[in-house]
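This report concerns only the one structure given below.
The values are calculated or read from the model by the stated rules, or taken from the named source; none is laboratory data. Just so it is clear, the structure is predicted and the values come from calculations on it, not from any experiment. As a convention, Cβ positions derive from the backbone with ideal geometry for all residues, glycine included, and neighbour counts pool all protein chains shown. Calculation scope for accessible area: heavy atoms of the full protein, side chains included, ligands and nucleic acids excluded. Shrake-Rupley method; radii C 1.70, N 1.55, O 1.52, S 1.80 Å.
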Amino acid sequence: ILLLLALAWLWLPAEGRRSPRPPPCPPSCSCTRDTAFCVDSKAVPKNLPPEVISLVWACVGWVSAPGGAAVGPSALSPPCHPQQAGLCWGRSPAGCPPPSTPPWFIENNDIQALSKATFRGLKSLTHLSLANNNLQTLPRDLFKPLDILSDLDLRGNTLACDCKIKWLVEWLESTNTTVPAVFCSSPGQFEGQRIRDLALGDFQCITTDFVVHQVLPFQSVSAEPFTYASDLYVALAQPGASSCAILKWDYVERKLRDFDRIPAHSAVHCKPIVAQNQLYVVVAQLFGGSYIYRWDTAVDKFIKIQDIDSQKTRKPNDIEAFQIEGDWYFVIADSSKAGSTSLYRLNQNGFYSHQALHAWHRDTDVEYVENDGKPRLIISSSSQAPVIYQWNRAQKQFTPQGEVGEMLDVQMVKHFKVKRDQFLCLSRYIGDSKVVRWEGQRFVELQTLPSRGSMVMQPFSVEQRQYLALGSDFSFTHVYLWEEEKQKFVKFQELSVQAPRAFRYVPAADVQLLLAPSFKANTLVYRHVVVDLS
């Protein structure tokens, strides 16, 4: 077989046996034995003759040096004479060092951008000049491939001292490379300052984002996280599925998984209460009465232990649970004309009616707040302004204290605290929602937020950041971020949640979650992430 192949090769025409011809000199270049001189090139020359070891570009038609542009063929080394016009790569004209340690001069051009990979493969480069160009930023770790770089010149550029240049400040602090003073051209507060003199704290480069972490394939109208026996759970009211879904956090998969379901034909709220080493779930339903379940460890399931008085609680809307002086209570806001918002207290046999509050006012929400060490309930209503009740320690009951402004038709009332100040968020379906601040004896309006179609306005804090999620039935959910200096919320992000009915922050070990129950679509689980813009 080898003999036949050899004979076949001999029979080929002479031109068929020749080695491939080396590529010709590009049209825009002039090539000598070992040098290519290119003028008015519209792109980086390709397919240079293999014997070319020096390349000069003059008057190039591009202002961005792409990745690998400085390297060219593996045998290519820089030319000896820097040019004053166009892009030029060169050795010092005083004498050409050996190819292993060439200086590179890319000076007096109009280069506006460099690729992160521009100097890849040039480990032996010792001198580099990018002076007198039009560079406004430099890609992160641009000089990382240059292991033995001893001199770098960045003077004469228009560097913007923003987050994209923060890495350069860090690099200048740690490198042994000699770098003449480089100055900031912008922004205004840094203009004219030496980059080396900037402190890392001068750069505000950390921001955050909410990204979808998990999609729960069902509708829901409330979400309540709780911890029981060292595990994290979430209870969600699902009127469409006629149940309260109990989900358990999987620490390995970092997802919520089905755990159990409590039958509830028209659930509007499922409130877990962990008290006296027992797990209770208060199930509020629009029809068919409301009930209290307890987790039975003997059979590992929820057992219904009592009914809630259907004469008082006819159309429940919200449930809040809290402790006062060691005793556990929960309150149900009732939105029917004939019902009453009611307070229940836990004793040895279960929760029993303790006090009737605010009868016949069609209450929409209730919030437990402690101001100045005094427990208070704030009840919002569609028929009057939110009402404040204060705990009377002697009577062990709540007594009316006043109203919050003159706002009618408040759908939800939630509170948050910044330092020592207490605030309320009042959401309205028609009209603007408001943020008010407690000032000694009353709440004073602080900020107004447009909120047509809002059923939920939920403040929550993640680490040192205070957020506010304002949902809408007609548009995107707006997430606001609190600015302490301005003492108000500013727009931060939009979330696409259809008809949200609650927002609930859930810290799950090293993952920070935001649950967004939807009345019309899937329930979304967002993850709070920290983004370094540098």
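Taken over region 472-481, the criterion of being under 18 Å from residue 432 (Cβ atoms) and in contact with a strand residue (DSSP E or B) (Cβ under 6 Å, 6 or more places away or on another chain) is satisfied by 476, 477, 478, 479, 480.
Tallying residues that are within 35 Å of the chain's Cα centre (by Cα) and farther than 20 Å from residue 220 by Cβ within region 281-290 yields 0. When 215, 268 are checked against the criterion of being in contact with a Leu (Cβ under 7 Å, 6 or more places away or on another chain), open to solvent by 40 Å² or more (accessible area, probe 1.4 Å) and hydrophobic (A, V, I, L, M, F, W, C), a single residue qualifies: 215.
For the condition touching a residue at least 60 places away in the same chain (Cβ under 8 Å) and closer than 24 Å to residue 268 by Cβ, what is the one hit in 357, 408, 377, 346?
Values: 357 fails: touching a residue at least 60 places away in the same chain (Cβ under 8 Å); 408 fails: touching a residue at least 60 places away in the same chain (Cβ under 8 Å); 377 fails: touching a residue at least 60 places away in the same chain (Cβ under 8 Å).
After applying the criteria, what remains is 346.
Each residue in region 313-335 was checked for being over 15 Å from residue 351 (Cβ atoms) and either within 36 Å of the chain's Cα centre (by Cα) or assigned to a strand (DSSP E or B) (or both), and 4 pass. Taking residues in region 293-307 that are open to solvent by 80 Å² or more (accessible area, probe 1.4 Å), and partners anywhere that are among the β-branched types (Val, Ile, Thr), the pairs with Cβ atoms closer than 7 Å and at least 6 places apart or on different chains are 294/303; 294/305. Do we find a residue being of a type outside the set (Lys, Arg) and under 29 Å from residue 294 (Cα atoms) anywhere in region 195-214? For region 195-214, residues of a type outside the set (Lys, Arg) and under 29 Å from residue 294 (Cα atoms): present. Scan region 258-265 and tell me whether some residue there is open to solvent by less than 20 Å² (accessible area, probe 1.4 Å) and either within 28 Å of the chain's Cα centre (by Cα) or within 25 Å of residue 315 (Cα to Cα) (or both). Checked against the condition, which is being open to solvent by less than 20 Å² (accessible area, probe 1.4 Å) and either within 28 Å of the chain's Cα centre (by Cα) or within 25 Å of residue 315 (Cα to Cα) (or both), region 258-265 yields at least one hit. Taking strands (runs of 3 or more DSSP E) as the structural unit, those lying wholly within region 485-525 and holding at least 1 residues that are more than 26 Å from residue 251 (Cα to Cα) and open to solvent by less than 30 Å² (accessible area, probe 1.4 Å) correspond to 488-495.
Please pick out the residue among 446, 426 that is part of a strand (DSSP E or B), touching a residue at least 12 places away in the same chain (Cβ under 8 Å) and open to solvent by 50 Å² or more (accessible area, probe 1.4 Å).
Details: 426 fails: open to solvent by 50 Å² or more (accessible area, probe 1.4 Å).
Just a single option satisfies the conditions, and that option is 446.
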